[in-house]
């Protein structure tokens, strides 16, 4: 019974073992934040395995579900404890598109890697992105899009940010984005997988 | 025989020879129909979705002067009144939820719960009629009630009306423009039926770990339904392939091990079942299928047309070429962001790399949506004629 075992169980997607270990560690007086940290380490390993091609989307979705189960247990114990983070990222699926699978996976991995993520959801109007960046001062904004017909909204949203004098780095993500789309819409990075998103975040935050 | 009918015969032969992996006189070229045609008119997408006659008029204007062989796609995959009549919550259409010029979208939920598996496996049709329909359709909340019965009649009538219009339009285009339809009928991989429509993406991916046996049994139970659905929607036609939009078999949803165990056997059974009836499958491999090509190559020769979207085209040619017709060559993003010159170069390259010895159809690799530019599509078709003569 140790934090290392918890990280390992998380990385191996051993759902029952993760839940049992979280309860055990809590019971033995380990600080809830330490437990979260161990889970995050497991999650980073999940991301690494995806990057190496050992894990696939199915494994990432499972990891997210296990993390959610663990956090449901931990959250009541976390009230009032301030969590340190590497920086704030605003993210959302742009106007007109309601797909969220890719966005949710990258949110999970970013949180696992220690970022504070403000998730605006799907079909997000440009005004909402502007407002969130103003409020949080986030240096990085993620815009998700699956449908090629909704890629125009990327451009409009980025233009809206710039028109307000806001200059966060912008990463666009989705199955059909590439260098051409990135240039056309005026983004700084593009990502077709969650791990590309993590790499861009590491670059922006120097983490 | 009229000139247009002769033209139809010529193009039909060109396309079907390529499907049989043969070398026609020219590389067949496909016109990608999509919502993009509407943006060059003063009609809204909402109107084009609902008013089939109007949308046919728009399509007629675009294709009148173009020389291509085959048409693929639609302005709208579904006719909204069919769903509106049932108060169905599966889709959001322009003008109601989205603004009037947005495309439709599918609302994915776990319409089938984990505890429904056994009942579904025992009798899928009964489960769909008594459990699924009431969950997705407000008008069908109480099966057997007067209201539900009327709703069923409305939905069925709308489906029949729309299919009838599509059939007549197809006949009109064949007769007046000499255009061949890319496909007849529609089907899906059982894993996608279960994952897209019933359990949802997250649901089915978690099921692979929590209740894998149920996933396998459910996919097996769906096989005969998807064979029947293909033949019914094709009205028995076997001269053209059956459209099969494929989703969760794309990389990186499933590891090769999971793909081989859960996605492939039931899908292969549908393809082989259709092939035994003389029906070829239009393997519309959306996304990237590169890691699974070797397994796909196990299918009977010529039983599919493999559509290259984001799959590695060279590898597809190496693994599948000669035994299966390849379809694609032009990335959809190029049709939006490229210039006519770039599209032309791409067509030339695609024909050189993929079309050399026949068994190739030049087309956009994926679904062409509202973002495509007309001048790029015209460039694609003209370049195919310029470079695509054997």
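Values in this text are rule-based calculations from the coordinates and carry no lab data. No experiment lies behind these values; they were computed from the predicted model shown. With ideal geometry, Cβ positions are generated from the backbone for all residues, glycine too; neighbour counts draw on all protein chains shown.
DSSP beta bridges fully contained in the protein assembly as shown are about 10 percent antiparallel.
Counting, for every residue in A:173-182, the Cβ atoms of other protein chains within 10 Å of its Cβ and taking the mean gives 4.
Take each residue in A:61-72, count the other chain C-beta atoms within 10 Å of its C-beta, and the mean is 2. So what's the stretch A:3-78 giving for Cα Rg divided by 2.2 N^0.38 Å, two decimals? Relative to the rule-of-thumb radius for its length, the stretch A:3-78 sits at 1.04.
Taking other C-beta atoms within 10 angstrom as a stand-in for reagent exposure, B:186, B:161, B:71, B:380 fall in the order B:161, B:186, B:71, B:380, fewest first.
Round to the nearest 10 and give me the degree value, 0 to 90, for the angle of helix B:146-177's Cα axis relative to the longest principal axis of chain B. Approximately 10 degrees, to the nearest ten. Given a cut-off of 15 Å, what percent of all Cα-Cα pairs of the stretch A:8-52 lie beyond it? That fraction is 43 percent.
Among A:19-28, A:119-128, what's the highest-first ranking by average C-beta atoms within 10 angstrom per residue?
A:119-128, A:19-28
Could you sort the peptides A:31-39, B:123-131 by per-residue average Cβ neighbour count (10 Å cutoff), highest mean leading?
A:31-39, B:123-131
Both radii come from the Cα set of the protein assembly as shown: Rg as radius of gyration, Rh as Kirkwood radius; their ratio Rg/Rh reads 0.98.
Taking each DSSP H run with n ≥ 4 as -39500 (n - 2.57) and averaging over every residue of chain B yields -14000 deg cm²/dmol at 222 nm.
With both labels modelled 7 Å from their Cα along Cα-to-Cβ, the residue B:123 to residue B:237 distance reads 3.5 nm.
The fewest-to-most ranking of B:66, A:110, A:101, B:320 by surrounding Cβ atoms within 10 Å reads B:66, A:101, B:320, A:110. Against the compact-protein benchmark of 2.2 N^0.38 Å, the Cα-based radius of gyration of chain B scales to 0.98. Over all pairs of different C-alpha atoms, chain A has a mean inverse distance whose reciprocal, the Kirkwood radius, equals 17.6 Å.
The order of B:283, B:93, going from fewest to most other C-beta atoms within 10 Å of their C-beta, is B:93, B:283. Rounded to the nearest 500, the helix-only mean residue ellipticity at 222 nm of chain A stands at -18500 deg cm²/dmol, with each DSSP H run of n ≥ 4 adding -39,500 (n - 2.57).
Take each residue in B:43-55, count the other chain C-beta atoms within 10 Å of its C-beta, and the mean is 0. Counting only Cα atoms, the size of the stretch A:88-205 along its three principal axes is 31, 29, 23 Å, in decreasing order. If you run the Gaussian network model on chain B, springs between alpha carbon atoms under 10 Å, then out of B:107, B:29, B:270 the most flexible one is B:107. For the stretch B:139-214 versus the stretch B:254-299, the inter-centroid distance based on Cα atoms is 20 Å.
Evaluate the relative contact order of chain A (contact order divided by residue number), counting alpha-carbon pairs under 8 angstrom at least 6 apart; express in whole percent.
Once normalised by length, the contact order is 18 percent.
Relative to the longest principal axis of the Cα atoms of chain A, the long axis of helix A:101-112 lies at roughly 50 degrees. Between 0 and 90 degrees, rounded to the nearest ten: what's the tilt of helix B:200-210 against the longest Cα principal axis of chain B? Roughly 70 degrees between the two axes.
Looking at chain B, the DSSP beta bridges with both ends there are about 15 percent antiparallel.
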